[in-house]
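Trainee: One structure, pasted below without further comment.
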């Protein structure tokens, strides 16, 4: 009796080199050709491995690795690996040789549906030549790509990922980089200005982080990441690539002079020698980090100078080298500014009326909203029971019942979250309102007696965009909503919302 020979199988491997090609006919064509080839040789096809959009520059490809694991487990049932062409498997001669040795270790042959790979001296030579041509073609493409990038760089186009503060231009008709949201650009620029004004790198990082600077993934910048940001010449409108520094086709975020002044301050001081320590929280200079130069707009730095038998404090601009401004003069004028901005009793009385009217309206609207939420929640409970009753009586199918109950439960969960948020909201205590209004009547005294941290919070509250100072004193600027005279009158009439964070700024 003749023993039946076992019919062995093969695996097929197909690949395209880019994600765009996955929408075309390349993969289908490769697979059909390999299937026809396997059929002509009398093989069963055990499995097809399809590599979508991954390069052959290395062998660490998803489907290729999956195929190798499959071969390791099922090699006794396999006879060969079939590819459409040799370059579908690898475009590197070393990778090709290693894969071929691995197949041989498991007793498998490598077959090409469109090329003659024979186990003869001529066949082996042909296979090596095909692998070599595949690598040659890949190297030529890489070189062309690099040459294209070099040409683009020479034309001022930024060819790598955009740094924080920029986004890609999107087309050849636009600059290679365009500015991101204004607030992101402002905080990137302020990062350089703070370091230039004397802040240490960690202090500057903490400040801009408090103001909202985040990575593209909405994470806080690490100290090293922030330091790297400050070293990127790209923010000056120029960049270095392929060993050349070129002027970019995009808008700068910081001036070249500011960038160059910041760079020496990024290097850590050695353990030997004199170390100059700058502190953002220096009680001697509470206005540092808030007051800007009236000439160039840079943040003023501050320091003590010794001479004539004493130590004297000065605010100064390190960018335009204007004359030093005495600490006593600057802070005296700031105190006077606060006196001028303080509200008269009649205005604070009107503000008090507006805030109380607003709180009363808010409580009424909150109670009404809560009643509506609870009524809807009760209706959903009734609807849930009705759905179950109709399901039991056969009116609703099981699938409809599951869908309707899921929808009702999702809406119920959403309403319960709204109820919890409404119950957890707090109104401003009356004593906090009184304390805040008292401060607005005499802001100068409050500022003089406050701690450094409270002064800084108070300054940011009153002048959210900072304030300029020059020969003529303090310039005009955007002030807090509650100290604008016209606004106070309109608040009394329209009963607008009370200022936020009043309890933080004016609390004991």
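Trainee: Could you give me the residue pairs with C-beta distances under 6 Å whose first residue belongs to region 75-99 and is over 24 Å from residue 41 (Cβ atoms) and assigned by TED's automatic domain parsing to the domain that holds residue 49, whose second residue is part of a helix (DSSP H, G or I) and at pLDDT below 85 wherever it lies, and which are 6+ apart or on separate chains?
Mentor: 91/134; 91/135; 91/138; 92/135; 93/131; 93/132; 93/135
Trainee: Does residue 288 meet the test of being part of a loop (DSSP other than H, G, I, E, B), over 12 Å from residue 470 (Cα atoms), modelled with pLDDT of 80 or more and under 34 Å from the mean Cα position of the chain (by Cα)? Break it down stepwise before answering.
Mentor: Numbers: part of a loop (DSSP other than H, G, I, E, B): yes; over 12 Å from residue 470 (Cα atoms): yes; modelled with pLDDT of 80 or more: yes; under 34 Å from the mean Cα position of the chain (by Cα): yes.
Yes.
Trainee: Any residue at all in region 417-431 that is crowded, with 17+ Cβ neighbours inside 10 Å and not in a loop (DSSP other than H, G, I, E, B)?
Mentor: No.
Trainee: Hey, another quick one. Mind counting the residues in region 170-203 that are touching a residue at least 24 places away in the same chain (Cβ under 8 Å), closer than 18 Å to residue 252 by Cβ and part of a loop (DSSP other than H, G, I, E, B)?
Mentor: Residues flagged as touching a residue at least 24 places away in the same chain (Cβ under 8 Å), closer than 18 Å to residue 252 by Cβ and part of a loop (DSSP other than H, G, I, E, B) within region 170-203 amount to 2.
Trainee: What's the total number of residues in region 204-234 that are farther than 23 Å from residue 290 by Cα and in a helix (DSSP H, G or I)? Steps first, answer last, please.
Mentor: In the first step, residues of region 204-234 are kept if they are farther than 23 Å from residue 290 by Cα; the result is 215-219, 222, 224-225, 228, 231-234.
Next, only the ones that are in a helix (DSSP H, G or I) stay: 224-225, 228, 233-234.
Number satisfying all stated conditions: 5.
Trainee: Now a separate question. Of the numbered conditions (1) surrounded by fewer than 18 Cβ atoms within 10 Å (Cβ to Cβ); (2) over 36 Å from the mean Cα position of the chain (by Cα); (3) at pLDDT below 80, residue 496 satisfies every one except a single condition; which is it?
Mentor: (2) is the only condition that residue 496 fails.
Trainee: Out of 411, 407, report the one residue that is outside any strand (DSSP E or B), farther than 30 Å from residue 440 by Cβ and in contact with a helix residue (DSSP H, G or I) (Cβ under 8 Å, 6 or more places away or on another chain).
Mentor: The match here is 411.
Trainee: Give 46, 58 a once-over and let me know the one that is in the same structural domain as residue 14 (by TED's automatic domain parsing) and modelled with pLDDT under 90.
Mentor: Working: 46 fails: modelled with pLDDT under 90.
58 is the lone residue from the list that is in the same structural domain as residue 14 (by TED's automatic domain parsing) and modelled with pLDDT under 90.
Trainee: Among the residues of region 240-253, write down those that are touching a helix residue (DSSP H, G or I) at 6+ places or on another chain (Cβ under 9 Å) and either at pLDDT 85 or above or over 17 Å from residue 185 (Cβ atoms) (or both). Step through it out loud before you land on a result.
Mentor: Taking region 240-253 and keeping what is touching a helix residue (DSSP H, G or I) at 6+ places or on another chain (Cβ under 9 Å), we get 240-242, 244-246, 248, 250, 252-253.
240, 241, 242, 244, 245, 246, 250, 252, 253, listed by residue number.
Trainee: Would you check which residues across region 298-308 are part of a loop (DSSP other than H, G, I, E, B) and at pLDDT 80 or above and list them?
Mentor: So the first thing to find is which residues in region 298-308 are part of a loop (DSSP other than H, G, I, E, B), and the list is 298, 300, 308.
If the condition is that a residue be part of a loop (DSSP other than H, G, I, E, B) and at pLDDT 80 or above, then 298, 300 are the ones that fit.
Trainee: Can you name every residue in region 453-467 that is part of a loop (DSSP other than H, G, I, E, B) and under 10 Å from residue 289 (Cα atoms)?
Mentor: Here is the first cut: in region 453-467, the ones part of a loop (DSSP other than H, G, I, E, B) are 463-466.
466, the sole residue that qualifies.
Trainee: Quick one: which residue in 261, 268 is modelled with pLDDT under 70 and within 32 Å of the chain's Cα centre (by Cα)?
Mentor: Values: 261 fails: modelled with pLDDT under 70.
None of the other options fit; the residue is 268.
Trainee: On to the next question. Please verify whether region 369-387 includes one or more residues that are in contact with a helix residue (DSSP H, G or I) (Cβ under 9 Å, 6 or more places away or on another chain), surrounded by fewer than 16 Cβ atoms within 10 Å (Cβ to Cβ) and part of a loop (DSSP other than H, G, I, E, B).
Mentor: No, every residue in region 369-387 fails to be in contact with a helix residue (DSSP H, G or I) (Cβ under 9 Å, 6 or more places away or on another chain), surrounded by fewer than 16 Cβ atoms within 10 Å (Cβ to Cβ) and part of a loop (DSSP other than H, G, I, E, B).
Trainee: Right, another one. Among the candidates 78, 27, single out the residue that is surrounded by 17 or more Cβ atoms within 10 Å (Cβ to Cβ), under 38 Å from the mean Cα position of the chain (by Cα) and modelled with pLDDT of 80 or more.
Mentor: The unique qualifying residue is 27.
The values are calculated or read from the model by the stated rules, or taken from the named source; none is laboratory data. Values in this document were obtained by computation on a predicted structure and should not be read as measured data. Cβ sites come from the backbone with ideal geometry, for glycine too, and all protein chains shown count toward neighbours.
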